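Presented below is the structure to which this report refers.
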Amino acid sequence: MDDEMDAFTSGLAADMARHAALGDKVSGGSGDAATSQWIAGRLAGLGFDVEHQDIDVPFFDPVDCRLVAGDATAPVYWQSPVIPTATQGLRAPLAVVRAPYEAADAAGRIALLVLPHARHASVDSPLGSPLIAAASAAGAVALVIVPVGPTGEVVALNAGIGTPVAPMPVAVLAPVLAEPFLRAARSGVPATLYLHGQATVRPTSNLQATLRRGPRWLCLSTPRTGWFGCVGERGTGTAAFLAMAAWAVERFPDLSLFLLNTGAHEYRFAGAHQAMERAPAPVDTLAWVHLGAALAVRDQFEFRGELFDLPSADANRMTMATASLQEAARLAFRGLAGLERVTAPVPGVSEIGAIVARGYERALAVLGVPRAFHTRADDLAQVDARLLAPVVRAHMAVVEAVHRQTRLASEDAA
């Protein structure tokens, strides 16, 4: 058993390393395409028929993205979908907005939207959305979001796939670089925002893999795309997805398998919403297991501005399950920090919302939001296969439980 676990864990580690080596996973980018090709090849090697479903997504090729005020210059990240500035940038005074009532000061100015300390991920968050709306309504000429969080780095924010976040250029500034611009706002020094580049549309894709056997289906899914390298966010789910695919092929010869690897995650899970029409009918589905974000990421102890790695997983994660799977999930995830709290799926949080909305009554997903979420710091150093392996096995245990229950129910009915 120990040898089997070692081999299993080593496989997860190898897949996370491979995922990291493929680069940034932003939808429509080269890393997205390379990761899609790798996953498709792995699934085909297991005997699946793999199909691609293209989705057009916003894409931005940056040329010059920075904020300048006096002697201070800092790089900024573009908020997608992007409204670029002209080559010469956009010049205006700065206004600091920390609460909606301060937005009136932003009229005719570049608004620095300083979000409260949190693990930010989306412009739809109640911590950011009111500031964006208030500053836009007040007549700001541009928005620079400062997402204060655990790392001090730029946090890329999910958004809708069509209309830009606001009717003006919007950028994201690393909190650790914000102080000179906060001072400039106080002293009245004007600033220039450069968001110069090419805003286009590129294709990403959903991968749909099927292996037809029995009349009942087991569905597995995971998103593929995300900002930056996202090894903790996406790499853990990808490794788990590939491991569970190989396991299910051997373990359940009586089940047909439907696997979904989606693009456009950054755009309110647009890939998953588009793919649902191709999935097996809920009535024919044994269970749907969604391998969500950051299944297991290293935890850290923070003390006096220093970080110390811990041998345990970040507990800022949760298990979501429909009512019929909650008991099995509590048993399977018992002892896994954060995951032992099993809750009903939360609308608008992860692709599980689209799955449940379509009527799948036995569905499960894990969602983690670690310290480095949506930052460039989410790299291979954030993960450890020894922390991921028990989480993957817990997912497997839930599938085993529901398969056993339905088999016994069928035998009793006969």
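Structure summary
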quantity: Amide H contacts under 5 Å for PHE228, placed H, 5+ residues apart; calculated: LYS25, VAL26
quantity: Stretch gain in nm, segment ARG183-ALA107, where the contour uses 0.36 nm per residue and the Cα spacing is subtracted; calculated: 25.5 nm
quantity: Lys, Arg +1 and Asp, Glu -1 on Cβ, resulting dipole of the chain about Cα centre, debye, nearest 20; calculated: 600
quantity: Point-charge dipole on Cβ atoms (K/R +1, D/E -1) for the range 62-200, about Cα centre, debye to 20; calculated: 120
quantity: FRET efficiency, ASP379 to VAL283 (Cβ-Cβ, R0 30 Å, nearest 0.05); calculated: 0.10
quantity: Linear extension gain, MET276 paired with ALA14, 0.36 nm per residue minus alpha-carbon span; calculated: 91.3 nm
quantity: In degrees, nearest ten, helix 236-251 long axis to first principal axis of the chain (Cα); calculated: 10
quantity: 0 to 90° range, to nearest 10: angle between helix 129-138 axis and the chain longest Cα axis; calculated: 30
quantity: Taking the range 62-200 and dividing mean pair separation by its residue count, relative contact order in percent (alpha carbons under 8 Å, at least six apart); calculated: 40
quantity: Backbone N under 14 Å from the LEU307 label point (7 Å along Cα→Cβ), restricted to the range 162-188; calculated: 175-176
quantity: ALA191 long-range amide H proximity, modeled H, under 5 Å; calculated: ALA92, LEU94
quantity: Rounded to whole Hz, the Karplus (6.51, -1.76, 1.60) HN-Hα couplings of the range 293-300, x for glycine and proline; calculated: 8, 6, 4, 7, 10, 4, 8, 9
quantity: The range 9-43-the range 197-266 distance, computed between alpha-carbon centres (Å); calculated: 11
quantity: Calculated from backbone phi, Karplus (6.51, -1.76, 1.60) coupling profile of the range 175-182 in Hz, x at Gly/Pro; calculated: x, 5, 9, 7, 4, x, 7, 5
quantity: Residue (of GLN198, PRO84, SER187) at the positive-pole extreme of the range 62-200, dipole from beta-carbon charges; calculated: SER187
quantity: Rel. contact order, % - alpha carbon contacts under 8 angstrom, at least six apart, the chain; calculated: 19
quantity: Fraction of antiparallel bridges per DSSP, the chain only, in percent to nearest 5; calculated: 60
quantity: Helix 30-45 axis, angle to the chain major axis (alpha carbon atoms, nearest 10°); calculated: 0
quantity: Square roots of five times the Cα gyration tensor eigenvalues for the range 298-386, Å; calculated: 29, 15, 10
quantity: Highest-first arrangement of 121-131, 237-247, 318-328, where packing means the average Cβ count within 10 Å; calculated: 237-247, 318-328, 121-131
quantity: Charge dipole of the chain about the Cα centre (unit charges at C-beta), most positive-ward option of VAL170, ALA313, SER256; calculated: VAL170
quantity: The range 1-134 - Kirkwood radius from inverse mean 1/r over Cα pairs (Å); calculated: 19.5
quantity: Radius ratio Rg over Rh of the range 62-200, counting only Cα atoms, Kirkwood formula for Rh; calculated: 0.92
quantity: Hydrodynamic radius (Kirkwood) for the chain, which is based on Cα pairs only, to one decimal in Å; calculated: 22.3
quantity: Assigned charges on the beta-carbon of Lys, Arg, Asp, Glu; the range 36-105 dipole about Cα centre (debye); calculated: 260
quantity: Percent antiparallel among DSSP beta bridges (both partners in the range 62-200, rounded to 5); calculated: 55
quantity: Part-to-part distance (alpha-carbon centres) for the range 281-355 and the range 67-108, which is given in Å; calculated: 36
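Since every read-out is calculated from the coordinates, none of them should be taken as a lab result. Because the structure is predicted, anything quoted here is derived from the model rather than measured. Glycine gets a Cβ as well: all are built from the backbone with ideal geometry, and neighbour counts include every protein chain shown.
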